[in-house]
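Below is one structure, written out as structure tokens; the observations come after it.
The values are calculated or read from the model by the stated rules, or taken from the named source; none is laboratory data. Since this is a predicted model, take the numbers as computed values, not measurements. In this analysis, Cβ positions are derived from the backbone assuming ideal geometry, glycine residues included, and neighbour counts consider all displayed protein chains.
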Amino acid sequence: MAKSGNKAVVPEAREALNRFKMEAANEVGVNLKQGYNGDLTSKQAGSVGGQMVKKMIESYENSMK
């Protein structure tokens with residue numbers, strides 16, 4: 001059975017992904033800290049993830065113009 005993990009496909013991208021996550025969290029008013037953020041509510045975590053997806057879709061759509 002394959003082990004599920006949180007490994008980045010491109011390890012060098014980890015820093016950029018962390019900056020992107022912090023930016024998205026800031027935009028939706030969620031206070032993220034470096035390291036462990038397990039004290040976030042599901043709503044807060046979902047807001048951050050949703051904002052990240054929204055920004056990725058916008059970026060892709062803009063690149064198609």
### Task
Please work out which one of (1) surrounded by 10 or more Cβ atoms within 10 Å (Cβ to Cβ); (2) modelled with pLDDT under 90 is the condition Ser4 fails and give its number.
(1)
### Query
Looking at Gln51, is it modelled with pLDDT of 95 or more and in contact with an Asp or Glu (Cβ under 7 Å, 6 or more places away or on another chain)?
yes
### Query
Counting just the residues of the stretch 8-30 that are within 11 Å of the chain's Cα centre (by Cα) and loosely packed, with under 12 Cβ neighbours inside 10 Å, which one comes out farthest from Met52 (Cα to Cα)?
Arg14
